[in-house]
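Below is one structure, written out as structure tokens, with a few remarks after it.
Nothing in this text is a laboratory measurement; each read-out follows from the coordinates by a stated rule. Model, not experiment: these values are computed from the prediction. Please note: Cβ atoms are built from the backbone with ideal geometry, for glycine as well, and neighbour counts cover all protein chains shown.
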Amino acid sequence: MTTRRQEQLGEVIAEELSDLIRTRMKDPRIGFATITGVEVSADLRHAKVFVSVLGSPEEQRATLQGLDHAAGFLRHELAQRLNIRYTPEIVFKLDESIERGTRILQLIQEMEAKEQRPSGDGLLERAGAIEGQEFPSEVHAPQRTEPS
């Protein structure tokens, strides 16, 4: 169970670290990284910082290595900015929840597209798409009038 103090400190740490990474970090290993959350321990001495990194798995690993290497510098800068007795030790963790959410959304969209696709009725549209022509979505046969 997290207390209000832990949540508040986590939000402030996330905001300050985002600013520090964006403005003060010059490490080329650190790519497009976003801090998605911070969990602070009950004694406020340790903080898990969850980072989402846009890029390949190699770029993600390189970014985490760069952040781990800079953890001491970032902790020192946090101590300068925050008015707390003990600055938490920082541990960076890769947050894959955004990627999982994107994948789930993609699967849902694929399922919706399959459900909306007509079964066997779209032959004219597909043929027209191949030749670059458009056909009306419904083709009606001419009605016969019987002579009276």
- Query: For segment 1-99, with equal point scatterers placed on the C-alpha atoms only and solvent neglected, what are the log10 I(q)/I(0) values from the Debye formula at q = 0.17, 0.21, 0.22, 0.24 1/Å, to two decimals?
  - Reply: -0.71, -1.05, -1.14, -1.33
- Query: Amide H to amide H, which residues 5 or more places from Gly31 or on other chains are under 5 Å from it, using H placed in the peptide plane?
  - Reply: Thr63
- Message: With θ taken as phi - 60° and the coefficients 6.51, -1.76 and 1.60, list the Karplus ³J(HN,Hα) couplings across segment 6-23 in order, rounded to whole Hz; mark glycine and proline as x.
- Response: 4, 5, 5, 5, x, 5, 5, 4, 4, 5, 5, 5, 4, 5, 5, 5, 6, 9
- Item | Whole-Hz couplings from phi, Karplus 6.51/-1.76/1.60, listed for segment 44-55; x for Gly and Pro | 6, 9, 10, 9, 9, 9, 8, 10, 9, 10, 7, x
- What is the gain in length, in nm to one decimal, between Thr34 and Leu82 on full extension, counting 0.36 nm per residue of separation less the C-alpha to C-alpha distance? 15.2 nm
- Query: Considering only the other residues whose Cβ falls under 15 Å of the Cβ of Asp27, what net charge follows from Lys and Arg at +1 and Asp and Glu at -1?
  - Reply: +2
- Rounded to the nearest 5, what % of the DSSP beta bridges within segment 4-98 are antiparallel ones? 55
- Rounded to one decimal in nm, the spacing of the 7 Å Cα→Cβ label points at Asp19 and Val91 is 2.7
- For Glu115 paired with Arg100, estimate the spin-label separation in nm (one decimal), with each label point 7 Å from Cα along the Cα-to-Cβ line. 2.4
